[in-house]
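Any read-out appearing in this document is the output of simple, stated calculations on the displayed coordinates, not a laboratory observation. From a predicted model like this one, the values you see are computed outputs, not experimental measurements.
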Amino acid sequence: MHLCWKLALMMMVLVCVTEQQVNDFRRPTRVGVTCCKVVSKGRIPPEIKLIGYKHQNALSPCVDAIIFYTEKDKYCSDPKARWIRQRLEGTTLILI
């Protein structure tokens with residue numbers, strides 16, 4: 001009789017663990033949106049060392065932008081700003 005109780009307890013634990021894993025798998029995850037929601041036409045000063053850039057398409061809540069990256073920050077710039085093409089020509093910035 002004692003062995004029966006042990007087997008029953010082991011089965012209950014197994015069912016609980018399996019059920020928990022299935023529930024975790026099916027539960028939706030949170031996806032945070034990190035994008036530019038506003039842009040600037042202002043120039044990024046030359047003393048700020050840029051390491052890369054990428055083009056962000058407009059898809060609400062994000063707006064059309066060129067994102068310039070430094071080691072610590074990102075700058076959201078208006079792709080229609082005149083200075084952007086000049087800044088990108090002849091640079092070694094990485095397209096991210």
| Tell me, what HN-Hα J-couplings in whole Hz come from the Karplus equation 6.51 cos²θ - 1.76 cosθ + 1.60 at θ = phi - 60° for each residue of the range 87-95, using x for Gly and Pro? | 5, 7, 5, x, 9, 10, 5, 8, 7
| note | If N is the residue count of the range 35-95, its Cα Rg over 2.2 N^0.38 Å rounds to 1.05
| remark: Phi angles of the range 73-82, converted by Karplus (6.51 cos²θ - 1.76 cosθ + 1.60, θ = phi - 60°) into ³J(HN,Hα) in whole Hz with x for Gly and Pro, give 10, 9, 10, 9, 10, 6, x, 8, 5, 5
